[in-house]
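Step one of this worksheet: look at the structure below.
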Amino acid sequence: MKKVIFVDRDGTIIVEPEDEQIDSLEKLEFVPGAISGLKALMGLGYEIVMASNQDGLGTPSFPESDFWPAHRKMLRTLEGEDVRFDAFLIDRSRPEDGLDTRKPGIGMFGSYLDGSYDMASSFVIGDRESDLQLADNLGARGILIGKDCGWADAVELIRSTERCAEITRQTSETDIYIRLDIDGRGVSEIDTGLKFFDHMLFQLVHHGGIALSVRCKGDLDVDEHHTVEDVGIALGEALRKALGDKRGIERYGFCLPMDESCAAVLLDFGGRSELVWDVRFSREYVGDVPAEMFKHFFKSLCNAASCNLNIKAEGENNHHIAESVFKAFARALKQAVRRDVFSYALPSSKGTL
């Protein structure tokens, strides 16, 4: 579903003067951080819509032609920084009219309430309590620009909700909950019932820069297979969901040594699933995990995440071999999901991933 950010104009993008009349170009002044903030929102997958009650600040005290030059100057300035709005919603009624088309009424937002937009994942950015009320009326999230929240804070808040995913997977064999934040916000807690597996998954947190919560209740009385496999599937699903359309990510990613062992992990979030595994263990178990299950974990993960993995490792100590693989995967993941905040181009010549 589509997502949208509704942005108020006066007091949010441009400074509202004391007389509430932007009736000359000399009065046109941008709110600090507004231009860079709006630019940072471009390419995040949201439609950006200007929504204002004020064509002439809601009063007929001066001709429209006296106001619109300032509006056009504002737009030209923003366009010079590659900031363009997908639509404009500007109500021309007066406060005394009491119309539902005036914010926080939702009358002029009808086309965004037809079910094609995910309003729960959409935002309203404004500078008044009425903007927060509008967000509540729309079922969206509101952000108030003011002394306690600048544009940089607003952008960070929106981006912090972007690359997160929650997955619940319940079968007759396992009951799994995963919460993933690719950008590393939040507490990480991991409990799969397999202590060495938990230790390996924590390598993804420490070396991948992510926040990860994993809870799994599996049929360990049978064996370890379903727990490891289903966690791999659920984590892969979480990665695919959190990455969204993958705009701006590096896409590819790493090799590292660990004591006498070394591991190389090549990763591509290109939308195709394949695992090449060249890792040999000399023991049947590493900790409480069957050595054969490490390959199965990564196979399950790359199938669910639609990514390509090429993993090679060698060494003498089986603990070191396994840990070097997970650390190398974590570093490859960190590199591949890194996002260029100045460019949200899709990393593919095909136009889709």
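The values are calculated or read from the model by the stated rules, or taken from the named source; none is laboratory data. These figures come from a predicted structure and were not determined experimentally. Here Cβ is always computed from backbone atoms with ideal geometry, including for glycine, and neighbour counts include all displayed protein chains. We work out accessible area using only protein heavy atoms, side chains counted, and drop any ligands, DNA or RNA first. Shrake-Rupley method; radii C 1.70, N 1.55, O 1.52, S 1.80 Å.
Values as computed for the structure displayed
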{"item": "Signed unit charges on C-beta, dipole axis of the chain, positive-most listed residue 321, 51, 110", "result": "321"}
{"item": "Charge dipole (debye, nearest 20) of the chain; +1 at Cβ of Lys and Arg, -1 at Cβ of Asp and Glu", "result": "1020"}
{"item": "Pairwise label distance in nanometres, residue 319 with residue 148, each label 7 Å out on the Cα-Cβ vector", "result": "4.9"}
{"item": "Using distinct alpha-carbon pairs, which all enter the 1/r mean, Kirkwood radius of segment 167-215 in Å", "result": "11.1"}
{"item": "Cα Rg, Dmax, segment 27-176, angstrom units", "result": "18.2, 71"}
{"item": "For segment 104-225, the spread of Cα positions along each principal axis, largest first, Å", "result": "59, 33, 18"}
{"item": "Isotropic mean projected area of the C-alpha convex hull, segment 232-304 (nm²)", "result": "5.9"}
{"item": "Heavy-atom accessible area per residue - the chain, 1.4 Å, Å²", "result": "46"}
{"item": "Estimated FRET transfer efficiency when R0 is 41 angstrom, pair residue 215-residue 25 (beta carbons, to 0.05)", "result": "0.10"}
{"item": "Residue 259-residue 303 FRET efficiency (beta carbon distance; Förster radius 35 Å; 0.05 resolution)", "result": "0.65"}
{"item": "Geometric extent, Cα atoms of the chain - Rg, Dmax (angstrom)", "result": "25.4, 85"}
{"item": "Equivalent-ellipsoid semi-axes of segment 154-297, from the Cα gyration tensor, Å, largest first", "result": "26, 20, 14"}
{"item": "Residue 82 versus residue 15: modelled label distance in nm, points set 7 Å from Cα along the beta carbon direction", "result": "2.8"}
{"item": "Loop trypsin sites (Lys or Arg not before Pro), segment 101-149, which have at most 12 other Cβ atoms in a 10 Å radius of their Cβ (DSSP)", "result": "147"}
{"item": "79, 229, ranked by accessible area, largest first (probe 1.4 Å)", "result": "79, 229"}
{"item": "Over the chain: helical MRE at 222 nm, DSSP H runs n ≥ 4 each giving -39500 (n - 2.57), nearest 500", "result": "-10000 deg cm²/dmol"}
{"item": "Cut-off 17 Å (backbone N to label point 7 Å along Cα→Cβ of residue 171), residues of segment 236-275", "result": "236-238"}
{"item": "Backbone N under 13 Å from the residue 47 label point (7 Å along Cα→Cβ), restricted to segment 118-154", "result": "118-119, 122-123"}
{"item": "Long-range HN-HN contacts of residue 47 with modeled amide H, under 5 Å", "result": "3, 4, 5"}
{"item": "Positive-end residue of 193, 99, 142, charge dipole of segment 98-202 with Cβ unit charges", "result": "99"}
